[in-house]
Amino acid sequence: MDWDDIKLFLALLRGGNVRSAAARLGVSHSTVARRIDALESQLRVRLFERLPSGYVLTPTGEDMLKTAERVEDELGGLERRIVGQDSRLEGPIRVSMIDAFATHLLMPDLASFAVLYPDIELQIPVSYETVDLDRREADVAVRFSKSPPDHLIGRRLSGCAMAPYAAHDYLADRDVDDPAGGVWIGFTSQGRYRDWVKQSAFPKFPVRGEFVSLLTQVAACKSGMGLAMLPRFIGDVETDLVRVGASTIDPRLDVWILTHRDVRSSARIRAFSSFLGDAIIAKRNLLEGM
């Protein structure tokens, strides 16, 4: 079997549908569907049941899963060890970070690194999903985390202060005690957001919508769609926004830079992690809202 077919099989399993698998692999959804059909034809078995809710493994697919994950672990471990032994300051580095970090905070530093190390190719696939460093979905991750996994190597760089913001005139004629008076712009996951809402100056405003990207939330907030809980390093410099109603809690997040222990000896990854970590630490006052 082709290793690409195994990666496709695992991506479809983990994504649950063709579109999600296509996004993971960077191909079109029609390519995923066609290649899965071809794989099943080649093996003369049915690996997935096509249900309205998505793709679900058949018993044969369950059997294949055990071997596929074992092969993935073995090849992933080999690849990490090879990268970790690389002493050259050249080659690609895949870096995971949220879009706002790249656009509003670190782009000048990334540009400086590219000048210092012209033979190192930075790849920054912006994502709000937690990448799997074990599977080499990234070499380095800049991540919000209170307690990163023990087997990853990294350091806490800074806190990140958050605050509620609104467009200048958004609250002008609104009753903060009226649930119909306004709304909070929601993240995809509402769990942690509800605590901020309850303990804010606007606890009765409901959360509406799913805006995964911080940049999308900023644009929605500037357009008067609602209140948004934003990092202060973004909200405080947006002239169309104003910080509103101090929260009774301080929803700070911890910023970490992380990599897998198998690749920490790679010269290019070590150089990049050190450079970017120092750049973020130099911005600590900005990040922590001081």
Checked pairs for region 7-23, first touching a residue at least 24 places away in the same chain (Cβ under 8 Å), second of a type outside the set (A, V, I, L, M) and not in a helix (DSSP H, G or I), C-beta under 6 Å and 6 or more apart or across chains, list as 12/55; 16/54; 17/54
Residue 204 fails exactly one of (1) at pLDDT 80 or above; (2) more than 24 Å from residue 143 (Cα to Cα); (3) surrounded by fewer than 14 Cβ atoms within 10 Å (Cβ to Cβ), namely (3)
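Quick one: which strands (runs of 3 or more DSSP E) lie wholly within region 223-290 and hold at least 2 residues that are surrounded by 15 or more Cβ atoms within 10 Å (Cβ to Cβ) and modelled with pLDDT under 85?
Details: elements: 228-231, 241-243, 253-260.
Where strands (runs of 3 or more DSSP E) fall fully within region 223-290 and carry at least 2 residues being surrounded by 15 or more Cβ atoms within 10 Å (Cβ to Cβ) and modelled with pLDDT under 85, they are 253-260.
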**Message:** Here is a check on your reading of the model: is residue 155 within 16 Å of residue 257 (Cβ to Cβ), touching a Leu at 6+ places or on another chain (Cβ under 9 Å) and surrounded by fewer than 16 Cβ atoms within 10 Å (Cβ to Cβ)?
**Reply:** yes
- Going by the conditions given, is residue 80 in a strand (DSSP E or B), modelled with pLDDT under 85 and not assigned by TED's automatic domain parsing to the domain that holds residue 229? no
Determine, yes or no, whether residue 50 is out of contact with any strand residue (DSSP E or B) (no Cβ under 7 Å at 6 or more places or on another chain) and not in a helix (DSSP H, G or I).
yes
Those strands (runs of 3 or more DSSP E) completely within region 135-211 that have 1 or more residues that are small (Gly, Ala, Ser) and in contact with a Phe, Trp or Tyr (Cβ under 7 Å, 6 or more places away or on another chain) are 152-160
Exactly one of 72, 62 is modelled with pLDDT of 75 or more, acidic (Asp, Glu) and farther than 27 Å from residue 121 by Cβ, and that residue is 62
Of the residues in region 207-222, those that are more than 22 Å from residue 180 (Cβ to Cβ) and at pLDDT below 85 come to 212
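The values are calculated or read from the model by the stated rules, or taken from the named source; none is laboratory data. Here the structure is a predicted model, which is why all the values come from computation and not from measurement. FYI the Cβ positions are ideal-geometry reconstructions off the backbone, even for glycines, and counts take in every protein chain you see.
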